[in-house]
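What follows draws every value from the coordinates through simple rules; no lab data is involved. These numbers come from a predicted model, not from an experiment. Glycine gets a Cβ as well: all are built from the backbone with ideal geometry, and neighbour counts include every protein chain shown.
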Amino acid sequence: MVRFSTIFIHAALAALVALACPADAAALKVEEQLQLLQTKVNQLEAQVQQHEMLAEKFARLERVLEEMQNERKTSSSWASVSPVHAAIPRTCREAQSSDPTLSSGMYWIDPDGQGIGDSPIYVYCDMTKGVITDKSILPITRLNFGRTQLDTSSGVHTLGRFECTGQVAVNGMPTSCEDLWRIGHTMSGLYSVMGAEMVESVYCDFNKLPSDPGFETWIGFADVKSAPAYFYAQRNSSFNQTNLPIPFDIAVVNIGDAMDLQTGKFTAPRSGTYFFSLSGLANIPASSSAMAFWIGLYLNNNRIGLGYSVEISTASQLKPYSLQSTLNLEAGDQVWVQIYKLGDPKGVSLFDDINHYTHFNGWLLQENISNSLNAMQTIRHDLF
């Protein structure tokens with residue numbers, strides 16, 4: 001419009017020049033008028049361009065205002081549904097947990113918390129399958145980009161994640177940061193997960209995706225025991241019977257009641273690694289020949305190792321013995337100590353009295369927690 005007006009003005013001025021008096025004064029006057037008109041045309045073009053920019057900004061502000069009003073209306077309608085929904089949930093899973101009767105559809109969620117960070121977003125929540133399968137209803141409503149500095153500059157934006165969950169099924173205990181992420185954990189930090197045999201400690205960085213480096217950092221094993229088991233048993237008298245589990249008289253400690261004093265047998269309550277220690281005195285009478293004492297550690301009737309004392313002396317002697325072992329046991333395995341052989345059944349014996357020289361210790365070092373949990377789940381399944 002402005003361009004056509006300029007052409008028309010130029011043509012009119014040309015006609016005036018052609019009809020005007022060739023006098024210098026008249027020519028000068030026409031030239032001044034032409035310059036004045038050109039200046040006004042330039043000003044008019046600038047004003048029109050400015051009006052167009054203002055109109056575009058006004059239209060953009062109207063759209064933003066309309067979106068904000070829609071968000072307020074939706075937030076108000078959500079809060080007015082019931083007291084349970086007074087707060088906008090962080091995830092689809094929270095919405096479903098608060099009201100299991102909700103059907104799949106569009107819902108408002110606020111992943112970073114209500115009143116914190118960005119505004120709530122309007123997403124489709126699949127309350128049955130737990131994942132979105134229809135790409136036409138992906139939870140994307142708006143993308144905002146800032147202006148680049150130069151006309152030749154560019155940027156790359158990776159869009160994700162395209163997954164809003166209702167109730168994601170993770171069978172059994174979480175075994176990784178990804179399992180924790182899928183069931184709704186969003187706060188980065190240290191977590192305990194189920195390893196192959198033991199509970200493991202990991203650091204989960206939920207600011208990253210599971211496929212990103214550094215999403216999960218393994219810290220180490222967590223010392224978790226489903227039941228403690230340790231004992232310290234003593235005798236208060238001598239003993240000389242062979243091939244028979246040695247009974248004990250006193251339990252200084254017997255946490256878990258796995259040690260049976262009367263039978264002398266320890267029954268492993270959980271699968272795992274155990275440590276056992278035995279020490280004491282063997283009574284070896286005077287003899288001109290070697291007199292020996294053998295005592296063994298047994299696992300389910302299998303001899304694991306022997307302790308040994310021997311002496312040749314014209315006087316009776318008390319000789320020390322000791323035996324240690326670390327064993328991998330299954331729940332229900334039994335461990336005990338017994339005299340394997342005596343050099344002279346009439347004189348050699350395990351010596352003890354009220355001062356308690358015999359010391360039998362054992363404790364659970366490390367439990368195979370996965371086996372214990374599987375066993376408990378099997379029992380629970382059989383009961384119910």
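Key figures
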| read-out | value |
| --- | --- |
| Cut-off 16 Å (backbone N to label point 7 Å along Cα→Cβ of residue 238), residues of segment 266-301 | 280-287, 291-294 |
| Protection proxy ranking of 359-368, 115-124, 55-64, 265-274 - average other beta-carbon atoms within 10 Å, highest first | 265-274, 359-368, 115-124, 55-64 |
| Value of relative contact order over segment 230-371, rounded to a whole percent, pairs C-alpha under 8 Å and six or more apart | 38 percent |
| Using a Förster distance of 25 Å, the FRET efficiency for residue 119-residue 94 (Cβ separation, nearest 0.05) | 0.90 |
| Convex hull (Cα only) mean projected area of segment 226-313, reported in nm² to one decimal | 6.6 nm² |
| Sequence-distant aspartates and glutamates (8 or more away, or on other chains) whose Cα lies within less than 14 Å of residue 225 | 197, 200, 367 |
| Rounded FRET efficiency, nearest 0.05, which uses the C-beta distance separating residue 277 from residue 197 and R0 of 22 Å | 0.35 |
| Computed E for residue 290/residue 221 - FRET, C-beta separation, R0 35 angstrom, nearest 0.05 | 0.15 |
| Full-extension gain in nm, residue 69 to residue 330, via 0.36 nm per residue minus C-alpha separation | 87.4 nm |
